[in-house]
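Please read the structure below before turning to the comments.
The values are calculated or read from the model by the stated rules, or taken from the named source; none is laboratory data. The structure presented is a predicted model; accordingly, all values stated were derived computationally and were not measured. Neighbour counts are summed over all protein chains in view; Cβ atoms, including those assigned to glycine, are modelled from backbone coordinates with ideal geometry. Side chains included, ligands, DNA and RNA excluded: accessible areas come from the protein's heavy atoms. Shrake-Rupley method; radii C 1.70, N 1.55, O 1.52, S 1.80 Å.
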There are 2 protein chains.
Amino acid sequence: MTFVQQPVLVPAAPKPTALLPLTDVTDAAACGSSVGRAAIAPADADALARQLKALADPARLRILSIVGAHLDSEACVCDLTDVLTLSQPTISHHLKVLVDAGFLTRSKRGTWSYYRLVPGALGGVAQVLPSL
Amino acid sequence: MTFVQQPVLVPAAPKPTALLPLTDVTDAAACGSSVGRAAIAPADADALARQLKALADPARLRILSIVGAHLDSEACVCDLTDVLTLSQPTISHHLKVLVDAGFLTRSKRGTWSYYRLVPGALGGVAQVLPSL
DNA sequence: CCAGTTCATCGACAAATGTCAATCTATGGG
DNA sequence: CCCATAGATTGACATTTGTCGATGAACTGG
């Protein structure tokens with residue numbers, strides 16, 4: 001189990017302006033704290049929060065994990081309904097959330113819908129987090 | 001701007017049983033998909049979702065960023081009320097969420113409350129994400 | 001002791017979210 | 001054709017969440 005850290009390739013990334021754009025660094029409060037660098041821009045915080053919101057659900061994390069656990073990082077809905085204790089519409093809803101957030105892609109073949117991990121999408125979020 | 005990637009040291013981590021405990025790997029659906037490894041355990045998905053839920057808010061991301069932007073990774077509430085366009089009770093609420101989730105610590109000195117980043121907390125989440 | 005400051009807590013409210021039953025839309029097989 | 005199956009959509013519902021105003025608690029300076 002090595003996890004080669006793919007070349008990122010985030011698709012739904014809203015253009016990371018400089019990974020950490022500024023807000024402003026011009027104040028000195030009475031409590032005597034000093035600023036070392038600039039903080040995240042509000043627009044970037046919004047975008048990152050949207051991505052994290054899509055991940056911040058136990059069912060969706062399990063879905064991503066189950067899809068990623070398949071040999072080709074691809075699974076159909078029946079693979080999920082078997083394991084998750086949730087109704088089929090609920091699972092379908094979670095899948096839509098993950099697709100809209102850019103973590104999964106959907107491809108319909110015949111009667112079945114196959115979902116696939118977007119390479120680097122999770123890694124992109126993981127890369128930005130520690131630099132907050 | 002280098003971001004040295006600290007030695008992790010996650011404090012509030014709920015004991016990662018093996019980073020990816022199993023659920024079960026014993027089925028073969030009609031759609032013909034094959035399992036390569038085990039998925040995340042439901043309990044671990046719950047724990048990770050709780051952490052992510054604490055992060056999945058623009059105001060809280062900005063708070064973490066502002067605290068981390070200070071030279072000693074420490075800031076008082078007044079540093080936040082100056083920048084964020086939110087009422088003081090709302091900011092206090094977000095701070096409590098981040099403390100409860102293990103991303104910040106609070107230390108009161110005199111009239112001021114100082115919040116400090118928990119070293120490795122964000123990195124711990126970031127490390128687990130790509131291995132889903 | 002009193003007034004002002006800093007921050008947390010409480011109560012209320014609208015909005016967002018997770019869930020399900022019911023329904024709809026393909027697709028495939030007789 | 002007709003029916004069965006896989007999955008998406010819809011509508012409804014309870015719960016959670018983000019926000020604020022009002023209030024409370026603790027410390028500081030006159």
Could you pull the accessible area for A:Glu74 with a 1.4 Å probe, rounded to 10 Å²? 20
Two pseudo-spin positions, 7 Å from Cα along C-beta at B:Ser113 and at A:Asp72, lie apart in nanometres by 5.3
Search the structure for amide H atoms under 5 Å from the amide H of A:Ala101, placed 1.01 Å from N in the peptide plane, and list their residues when 5 or more places away or on another chain. none
Quick one, what does Rg over Rh come out to for region A:42-131 if you take C-alpha atoms and the Kirkwood Rh? 0.99
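Nearest 100 Å² is fine: how much accessible area is buried between A and B, summed over both sides, with a 1.4 Å probe?
On the way: alone 8800 and 8880 Å², together 13360 Å².
Adding both sides of the contact gives about 4300 Å².
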Which distances in nm, rounded to one decimal and ordered from shortest, link the label point of B:Val99 to the equivalent label points in the other identical copies, with labels set 7 Å from Cα toward Cβ? 4.3
Quick one: if the Förster radius is 35 Å, what FRET efficiency do A:Cys31 and B:Ser131 give, using the C-beta to C-beta distance and rounding to 0.05? 0.30
Note on region B:112-132: residues buried by at least 20 Å² of accessible area once partner chains are added (vs chain on its own, 1.4 Å probe) come out as B:Trp112, B:Tyr114, B:Leu122, B:Ala126, B:Leu129, B:Pro130, B:Ser131, B:Leu132
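What does the structure give for B:42-50 when I average, per residue, the other chain Cβ atoms found within 10 Å of the residue Cβ? Please list the in-between numbers first.
On the way: counts 7, 1, 4, 9, 5, 2, 6, 8, 2.
Mean shielding by partner chains, rounded to a whole number: 5.
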Regression test value, accessible area per residue of region A:42-131, probe 1.4 Å, units Å², expected 41
What accessible surface, in Å², does a 1.4 Å probe find on B:Thr90, ignoring ligands, DNA and RNA and rounding to the nearest 10? 50
Lys/Arg Cβ at +1, Asp/Glu Cβ at -1, dipole of region A:57-132 taken about the Cα centre: which of A:Leu61, A:Leu84, A:Leu98 is farthest positive-ward? A:Leu98
Expressed in square angstrom to the nearest 10, the accessible area of A:Cys78 with a 1.4 Å probe stands at 40
